[in-house]
Amino acid sequence: MTDNINLEKENFANLPVGENEDVEFSEELADEADRKAAERAAAADQRNEQE
């Protein structure tokens, strides 16, 4: 695959860094991957509460 970007040579220093940011989930705009990610996040939250 010659079209892949070699990430080792990319400079990510100027990218914004987000920590603990709340994001709004829009069911209208969500695709299947978004729904699966939301399910995984909810499951992780449940596991965290049980610890």
_Accessible area (Å², 1.4 Å probe, nearest 10) - Arg35_ = 80 Å²
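Between Ala41 and Glu21, 0.36 nm times their residue separation minus their Cα-Cα distance comes to what?
On the way: separation 20, 0.36 × 20 = 7.20 nm, distance 1.38 nm.
Value of the extension gain: 5.8 nm.
The values are calculated or read from the model by the stated rules, or taken from the named source; none is laboratory data. Here the structure is a predicted model, which means the values were calculated and not measured. Accessible surface is based on the protein model in full, side chains and every heavy atom, while ligands, DNA and RNA are left aside. Shrake-Rupley method; radii C 1.70, N 1.55, O 1.52, S 1.80 Å.
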